[in-house]
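Written out below as structure tokens is the structure these notes cover.
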Amino acid sequence: MTRSVPDETRTRVLELRDLIREADYRYYVLDDPTLTDTQYDELYRELVALEGEWPELHDPESPTQRVPGVVAEGFEPFEHPSPMVSLDNVTDEEQFRDWVGSGDRYLRSEDERRYSVEPKIDGIGLELIYEEGVLVTASTRGDGLVGENVTANARTIRSIPQRLRGDDVPAWIAIRGECYCRKEDFFAFNRAAEEAGERTFANPRNFVGGSLRMLDSRIPASRPIRYFAYALGGVRGASFDNQDAILEAFRSYGLPTIPEARIVDGVDAVATRYAELVEARDDVPYEMDGVVVKVDDLALQERMGMRTRSPVWAVAWKFPAQRALTRLNDVDWSVGRTGVVTPRAILEPVFLAGVTVQHATLHNLDELERLQLQIGDEVEIERAGDVIPKVLRALPEQRSGDERDIVVPDRCPACDTELHRDEGKVALRCGNFACPAQITGHLAHFASRGALDIRGLGEKQVTQLLREGLIKDAADLFHLEEDALAGLERWGPKSAQNLLAQLDAARTRPLDRFLVGLGIREVGERGAKILARAFGTLDGVRAATKEELLELDEVGEALADSVLEWFGEERNEAMLERMAQGGVAPAAVAAPSGGAFEGLTLVLTGKLEELSRDEAKRLVEAQGGRAASSVSKRTDLVVAGPGAGSKLKKAEELEIEVIDEAEFLRRAGR
Ligand code: IVH
């Protein structure tokens, strides 16, 4: 039986959709809302009800259709139409003026000294592609060439239009901008999460990044994430003369742009605007970490061109780190997973760069000595970007005489073992391998995001499992049984099953993540990747000799020794054995295949002009090759720049192919 939709219903649905789109535009783009929240919610609910009642009126572009009904399985890679480059940084006015000077030779007249000065939003870059005015993809920056397709999540952001406004939209356009969260929304979210006992985030940037990478779009949909458009990634069917016109067009399409962006004439005016924004930093509703200065004129931008990773025509002028004065109330000592005992400052809470700071790192004993701190001192602290705040100095002239000395412990605060200092090292260390603080730290690290990513196994759960005697080390995790877990306080069959499922997935995590989890000294994320790529399997790494390790680029004595020592230790071998019995089989890591240098060993020598050494190495790896530090019979290709010496000679002796940087870039497809 079919039924026809009454005309007035159809009209009302179309009208509601328009009203809601208009309200979103007024709210997000014009910052001039015409409806109250309640009025908006009423319209929205009415539309949801009508669409529910009349599925015939379904329209994927309806404002109610921002959240898909299914959960994604992963994110597809998305190749950007042109590279999403990053920006070079300057940190003071002198460097900024140097940057201006380096562009002088491209100027044809003084009138061209016109700049777009925009806040540098501390969020997550996102590229939107519209075809005939309809949003078709949204992607993250990724490595600049290939990002992640996060379209479903981007659709849930109400300040991103599903369809561009106006009749005059280009046939195809790539728009670049930033996803961000307002400070007040972020704090409100964290407060609510904390009350509900849910996960909180360290800063708005992490919050936005985490949300965009959720497979279930209902999560970002429920979070206060917004978007600013600030750059053109490409366009067909329209043309622009300058950045000002681009931003103006974005606004006319219904996309929000950064309200504090200004077009200014001359270098002095840029410096003035920079100073104004530094001053306004705390009052602006979102986090900015600097100012982006772009040459306004697109013809001049074109003449100035690009370097490999950044444009010549734009620069990021960073804000200074933020500092504040507060009081040192106490010092506590914590034992890390490697047994290092670190002092931490407990401060009188102070609001700094968007967060309340109550703790700061004091690093180690040398740092304590250098700072000459006393408890009760007034101290200056600094917070730069994401990093943990640190104590810069004490103000001894402010002392009242009631201050007291900091007492350095001589026994471990966790297990009471006598502490020692390694020869020539600044760290204070607890040498007891059975120290509960070390084991807890080790297990929490093993389960952490960068390692085996075992959700639901944080420090609290680890402490409980250790206390109840269910585990003694990481291998025991893979022999846990459901009944034993389900019987624990605050656990039940559901949480037990969840943890077992998580552990099951962890059994076959990639080898590099597994190596990170083992907590071998000197082996961080990068080191683990290098080892995993070079040797492929756990047995491969285990069997590596010192020579083989040292031959790897970026692997030095310390790392090589530490790996050999770790695998040479009997209890570690026994632990790996028990892990294997528990079904742990890290997935082999192959060098990326299909690249220009697949399976080849390259040596870079001499000076490189286009790329930094690190960039060149990463390019080798990205193209499936291995960058080694010395030339041997096993070297396949040598990239030699000006000034190459003994390595080049050796390559010639061994008759190994030698190419220059330009040829290297060409082969890598750059
Ligand atoms: S323009 C060619 N403008 O900063 C210029 N970027 O290191 C491309 N960012 O990844 C970028 N605010 O995510 C531009 N007003 C702004 C920005 C901005 C923040 C981010 C962007 C980029 C990074 C550059």
Notebook entry, point to check: Are there any pairs with C-beta distances below 6 angstrom linking a residue in the range 209-222 that is more than 14 Å from residue 66 (Cα to Cα) to a residue that is modelled with pLDDT under 90, with the two at least 6 apart or on different chains, and if so which?
Noted result: 215/71; 215/72
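Check every one of the helices (runs of 4 or more DSSP H) wholly within the range 566-670 and list those with 3 or more residues that are within 31 Å of the chain's Cα centre (by Cα).
Details: elements: 570-581, 613-622, 646-653, 661-667.
Fully inside the range 566-670 and qualifying: 613-622, 661-667.
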Checklist line | Output for the range 38-60, where each listed residue is among the polar types (S, T, N, Q) and exposed (fewer than 10 other Cβ atoms within 10 Å of the Cβ) | finding: 38
Checklist line | Single condition residue 302 does not satisfy, out of (1) surrounded by fewer than 18 Cβ atoms within 10 Å (Cβ to Cβ); (2) within 24 Å of residue 206 (Cβ to Cβ) | finding: (2)
Notebook entry, point to check: Counting residues that are at pLDDT 95 or above and within 16 Å of the ligand (Cβ to nearest atom), which strands (runs of 3 or more DSSP E) fully inside the range 237-356 reach at least 1?
Noted result: 262-265, 288-295, 314-318
Notebook entry, point to check: Within the range 143-150, is even one residue over 25 Å from the mean Cα position of the chain (by Cα) and of a type outside the set (Phe, Trp, Tyr)?
Noted result: no
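Assess whether residue 440 counts as being of a type in the set (S, T, N, Q) and surrounded by fewer than 18 Cβ atoms within 10 Å (Cβ to Cβ).
Values: of a type in the set (S, T, N, Q): yes; surrounded by fewer than 18 Cβ atoms within 10 Å (Cβ to Cβ): no.
Considered against the rule, which asks whether it is of a type in the set (S, T, N, Q) and surrounded by fewer than 18 Cβ atoms within 10 Å (Cβ to Cβ), residue 440 comes out as no.
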Next item on the list: Please give the number of the condition residue 275 fails out of (1) surrounded by 21 or more Cβ atoms within 10 Å (Cβ to Cβ); (2) over 26 Å from residue 109 (Cα atoms); (3) not hydroxyl-bearing (Ser, Thr, Tyr).
Entry: (1)
Note to self: Six or more apart or on different chains, Cβ atoms under 8 Å: show the pairs whose first residue is in the range 561-576 and crowded, with 17+ Cβ neighbours inside 10 Å and whose second is polar (S, T, N, Q).
What the structure shows: 566/572
Note to self: Give me the residue from the range 65-89 that is closer than 30 Å to residue 20 by Cβ and surrounded by 18 or more Cβ atoms within 10 Å (Cβ to Cβ) and, out of that set, farthest from the ligand (Cβ to nearest atom).
What the structure shows: 66
Check: What are the residue pairs meeting all of these: first residue in the range 103-130, first residue more than 30 Å from residue 171 (Cβ to Cβ) and of a type in the set (Val, Ile, Thr), second residue more than 8 Å from the ligand (Cβ to nearest atom) and assigned to a strand (DSSP E or B), Cβ atoms under 9 Å, and 6 or more apart or on different chains?
Finding: 117/262; 117/263; 117/264; 117/291; 117/293; 117/317
Notebook entry, point to check: Could you list, in sequence order, the residues of the range 530-554 that are touching a residue at least 24 places away in the same chain (Cβ under 8 Å), in a helix (DSSP H, G or I) and surrounded by 20 or more Cβ atoms within 10 Å (Cβ to Cβ)?
Noted result: 530, 531, 532, 534, 538, 541
Next item on the list: Please identify the pairs in which a residue from the range 308-319 that is farther than 8 Å from residue 293 by Cα and among the aromatic types (Phe, Trp, Tyr) has its Cβ atom under 6 Å from the Cβ atom of a residue that is more than 10 Å from the ligand (Cβ to nearest atom) and part of a strand (DSSP E or B), counting only partners at least 6 apart or on another chain.
Entry: 313/295
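Here's the yes/no breakdown for (1) hydroxyl-bearing (Ser, Thr, Tyr); (2) closer than 30 Å to residue 617 by Cα; (3) out of contact with any Lys or Arg (no Cβ under 8 Å at 6 or more places or on another chain); (4) not in a helix (DSSP H, G or I):
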| residue | (1), (2), (3), (4) |
| --- | --- |
| 469 | no, no, yes, yes |
| 475 | no, no, no, no |
| 479 | no, no, no, yes |
| 485 | no, no, yes, no |
| 489 | no, no, yes, yes |
| 505 | no, no, yes, no |
| 527 | no, yes, yes, no |
Next item on the list: Would you be able to say whether some residue in the range 167-175 is surrounded by 14 or more Cβ atoms within 10 Å (Cβ to Cβ), under 21 Å from residue 119 (Cα atoms) and either in contact with a Phe, Trp or Tyr (Cβ under 7 Å, 6 or more places away or on another chain) or of a type outside the set (Gly, Ala, Ser) (or both)?
Entry: yes
Next item on the list: Find all pairs meeting these conditions: Cβ atoms under 6 angstrom apart; at least six residues apart or on different chains; first residue within the range 32-53 and in contact (Cβ under 8 Å) with a residue 40 or more places away in the chain; second residue part of a helix (DSSP H, G or I) and of a type outside the set (Ser, Thr, Tyr).
Entry: 50/13
Check: In the range 90-123, which residues are at pLDDT below 95 and either touching a His at 6+ places or on another chain (Cβ under 8 Å) or within 8 Å of the ligand (Cβ to nearest atom) (or both)?
Finding: 122, 123
Next item on the list: Mind telling me which of the residues 164, 145 ends up being within 16 Å of the ligand (Cβ to nearest atom) and touching a residue at least 40 places away in the same chain (Cβ under 8 Å)?
Entry: 145
Checklist line | Flag if residue 512 is assigned to a helix (DSSP H, G or I), among the acidic types (Asp, Glu) and either surrounded by 13 or more Cβ atoms within 10 Å (Cβ to Cβ) or in contact with a Leu (Cβ under 8 Å, 6 or more places away or on another chain) (or both) | finding: yes
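The values are calculated or read from the model by the stated rules, or taken from the named source; none is laboratory data. These figures come from a predicted structure and were not determined experimentally. Because the Cβ atoms are built from the backbone with ideal geometry, glycine has one as well, and the counts that use them run over all protein chains shown.
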